[in-house]
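The next block holds one structure in the form of structure tokens; read it before the comments.
The values are calculated or read from the model by the stated rules, or taken from the named source; none is laboratory data. Note that the coordinates shown come from a computational prediction; the quantities given were computed from them, not determined experimentally. Here Cβ is always computed from backbone atoms with ideal geometry, including for glycine, and neighbour counts include all displayed protein chains.
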Amino acid sequence: MSKIEHQAYYLLSGIVKISIYNEEGTERVLEFFFPNSFFAAYTSFLTQQASDVEIEALTDCEVEIIKHYDIHKAYETSLLANRLGRAVAEQYYIRKTNREKDFLTTSAVERYKNLLDNRPELVQQIPVQLIAKYLGIEPESLSRIRKSIS
């Protein structure tokens, strides 16, 4: 069931994942969010069209909610709101572009090593089966990779 994202969230505590499912019902994890980050079904939030992603709290979470209408109202009157909105959009773009490049240019082993180096909190706090879905591989393949690295 797709719905339009009318809110964005600032994560104060907890862990959130955003996933998408293919036609066979296979989950692919798009991203994980940790405290002090903004998240939403961002494309839906921007376009106000139905979302094809699912947001799920992996732990108890505390969030601040920002309504689409309120953000656009603030954009009309506040230079600070405009700067914050631009900074969030730039972070999303950079994160998404880097992830796409990784999938196109690196092996699963290299992607896992990059996670270890650049996002150790993810590797430490997220279950292995979800890390595998994030890397686009089967859990058994991730187990072999982890074994070969250690």
Exercise. State whether the residues of region 127-149 include one that is at pLDDT below 95 and closer than 20 Å to residue 10 by Cβ.
Key: no
Quiz item: Does region 40-56 hold any residues that are surrounded by 14 or more Cβ atoms within 10 Å (Cβ to Cβ) and either small (Gly, Ala, Ser) or touching a Leu at 6+ places or on another chain (Cβ under 6 Å) (or both), and which are they?
Solution: 40, 41, 44, 51
Quiz item: How do the pairs read when you match residues in region 4-17 that are assigned by TED's automatic domain parsing to the domain that holds residue 49 with residues anywhere that are surrounded by 20 or more Cβ atoms within 10 Å (Cβ to Cβ) and of a type in the set (Lys, Arg), using Cβ under 6 Å and keeping only pairs 6 or more apart or on different chains?
Solution: none
Self-check item: Tally of residues being in a helix (DSSP H, G or I) and either assigned by TED's automatic domain parsing to the domain that holds residue 135 or of a type in the set (Ser, Thr, Tyr) (or both) across region 68-83
Solution: 3
Quiz item: If we scan region 58-67, do we find a residue that is on the phi < 0 side of the Ramachandran plot, in a helix (DSSP H, G or I) and surrounded by fewer than 16 Cβ atoms within 10 Å (Cβ to Cβ)?
Solution: no
Quiz item: Got at least one residue in region 84-99 being small (Gly, Ala, Ser), outside the structural domain of residue 148 (by TED's automatic domain parsing) and free of Cβ contacts under 8 Å to residues at least 12 places away in the same chain?
Solution: yes
